[in-house]
Amino acid sequence: MPRITTSLLRKARTIDPFLPALLGPCRDLYAAQNELRWLHEHVEKVAKARRAKGDTLAEEALLRQLVVERASGKPLQYILGTEYFGDLEIRCRPGVLIPRSDTAASVTHIVGLLRKAHNLPPELRVLDLCTGTGCIPLLFQHELYSTRNDIDLRVLGVDVSHKALRLASYNLQKVRNTRQYVDKGRVRFLKADILLDPFADQTRGPLPLKTALNLKGQPPFWDILVSNPPYVSPSACWKTTTRSVRGFEPKLALVPPPSKPSQPDMVQGDEFYPRLLSIAQDVEAKIVLLEVADLEQALRVARCARDLDIFDGIEIWRDQPDSSPDDITDEDGFPVLGQGNARSVICWRGTGALWLGKVTAATSKGDDVQ
Ligand SMILES: C[S@@+](CC[C@H](N)C(=O)[O-])C[C@H]1O[C@@H](n2cnc3c(N)ncnc32)[C@H](O)[C@@H]1O
């Protein structure tokens, strides 16, 4: 990382005395100026809300405090309290992972494909495992209903973290109160630990997914399984994540627990994927979309999916998966679509191929795609 020069610091100070502190986390003047503007706007908003209640606010002091927090590496989204995920403004709080635009791009892309499908079931069931802020269920619902109103969408977001689930429910309420909200379908959240053995005799703490679905009257079968699980290995967390991520975002959301002694060869970052694929098989998902860190992990996950021998197709999507024909390459027999880093693995079977437009109804005749 290039060091910040004295002349840049001096230039920043002449523009605004708060700017030099922001150069640390932002690295360049343009980004620091943007962040300072957003912090100013945030302080003005807080001051306005206080005035409406008859209170006053020392705006300069609050701005100074926020700049100090940001200079210490605290993510801007935790300071401002929100982040955009697609078109949705999602509430962020410390203790819950901040939604990323790459995740939103995969969700928008898959829903874009589904929106064109002629043969979706009247009730489309989507299971989002490791839901965090609830950003994936909410964007899925928002994107699907932006053009389709013939589907009863049922989305269930699952997480082990109470903090995440509380925030997800808050986000659902917040999105419901916006003008863009289409009041159709159902979005719900559920607490479960997806790493637990479904047959474990769990009496304390979070339940295994199967038991939780059962107890909460949720269906056992789901059409689509989506997940952005913790996928960073401890060494990659140390080497590849920024100080903001390492120091402020929850480890529970980033790094999976150590592998079991029965799986000594498993890369620790991969811990969730075999379980997610096994759940996909149990719930009879026709489409599975799993976020990954990079191409190496994408290939390990894609091979794991291929070894299961239940999918009719497996692809790897990059950060911007809306590919033109030129943006498709091949890695170990898997098509890799789009531009940027490898970001997700998508698998489909049966009718899932039709829903994604991978085959047409005519070409699929005689296959088990009903
Ligand atoms: C990478 S974050 C993804 C959050 C959100 N889906 C997103 O894309 O921003 C992973 C989430 O998995 C949850 N999680 C971690 N271990 C889990 C487990 N054993 N069972 C269920 N959820 C878990 C964390 O609480 C965290 O919210």
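Using every pair of separate Cα atoms, the Kirkwood estimate puts the hydrodynamic radius of region 6-72 at 12.5 angstrom.
Near Val158: Cβ cut-off under 11 Å, other residues only, Lys/Arg at +1 and Asp/Glu at -1. The net charge is 0. The Asp332 and His118 beta-carbon pair, evaluated with R₀ = 22 Å, returns a calculated FRET efficiency of approximately 0.10. In order along region 44-54, the phi-based Karplus estimate (6.51 cos²θ - 1.76 cosθ + 1.60, θ = phi - 60°) of 3J(HN,Hα) comes to 4, 5, 5, 5, 5, 5, 5, 4, 4, 8, x Hz; Gly and Pro are listed as x. For Lys358, the lysines whose Cα falls under 30 Å of its own Cα, not counting residues fewer than eight places away in the same chain, are Lys116, Lys184, Lys286.
Going by a ≥ b ≥ c, the root eigenvalues of the Cα gyration tensor, does region 1-119 fall in the rounded group (a/c under 1.5), the prolate group (a/b larger than b/c) or the oblate group? Taking the square roots of the gyration eigenvalues as a ≥ b ≥ c, region 1-119 is oblate. Amide H contacts of Phe85 (H built 1.01 Å from N, in plane; Pro and chain starts excluded): Ile90 sit under 5 Å, all sequence-distant by 5 or more or on other chains. Heavy-atom accessible surface of the chain, averaged per residue, reaches 50 Å², computed with a 1.4 Å probe.
Rolling a 1.4 Å probe across all protein chains gives Tyr145 an accessible area of roughly 10 Å². The protection proxy used here, the mean number of other Cβ atoms lying within 10 Å of each residue, ranks peptides 225-231, 108-114 as follows, highest first: 225-231, 108-114. Helix 135-144 and the long axis of the chain differ in direction by around 70°, with both axes built from C-alpha atoms. Counting charges near Ala32 (Lys, Arg +1; Asp, Glu -1) among other residues having Cβ under 14 Å from its Cβ returns a value of +3. Placing +1 on each Lys and Arg Cβ and -1 on each Asp and Glu Cβ, with no other charges, gives the chain a dipole about its Cα centre of roughly 1760 debye. Rolling a 1.4 angstrom probe over region 6-72 with all protein chains present gives an accessible area of which 54% lies on carbon and sulfur atoms. For the cross-link pairs Lys191/Lys251; Lys163/Lys216; Lys45/Lys174; Lys45/Lys74; Lys74/Lys260, the ones whose C-alpha atoms lie over 22 Å apart are Lys74/Lys260. Under a Cβ-Cβ cut-off of 15 Å, what is the net charge of the residues other than Leu97 that fall near it, where Lys and Arg count +1 and Asp and Glu count -1? Around Leu97, the surrounding residues sum to +2.
Computed over the alpha-carbon atoms, the chain gives an Rg to Rh ratio of 1.00, Rh here being the Kirkwood radius from the mean inverse distance. For Lys11, no lysines have a Cα closer than 17 Å to its Cα, not counting residues fewer than 8 places off in the same chain.
Computed in the context of the full set of protein chains, the accessible area of region 96-355 at 1.4 Å probe radius has 51% of its extent on carbon or sulfur.
When the Cα convex hull of region 68-160 is projected onto planes of every orientation, the mean area is 6.4 nm². Each of Cys130, Tyr273, Leu8 was placed along the dipole of the chain (beta-carbon charges, centred on the mean Cα), and the one lying farthest toward the positive end is Leu8. Listed by chain and number, the aspartates and glutamates placed with their C-alpha closer than 20 angstrom to that of Lys53 are Glu41, Glu44; residues fewer than eight positions away on the same chain are left out. Taking a ≥ b ≥ c as the square roots of the eigenvalues of the Cα gyration tensor, region 153-261 is classed as oblate, since a/c reaches at least 1.5 and a/b does not exceed b/c.
The values are calculated or read from the model by the stated rules, or taken from the named source; none is laboratory data. Quantities reported herein were computed from a predicted structural model and do not represent experimental measurements. A quick note on method: Cβ atoms are made from the backbone with ideal geometry, for glycine too, and the neighbour counts reach across all protein chains shown. Each accessible area value is taken on the protein alone, full model and side chains, heavy atoms only, with ligands, DNA and RNA left out. Shrake-Rupley method; radii C 1.70, N 1.55, O 1.52, S 1.80 Å.
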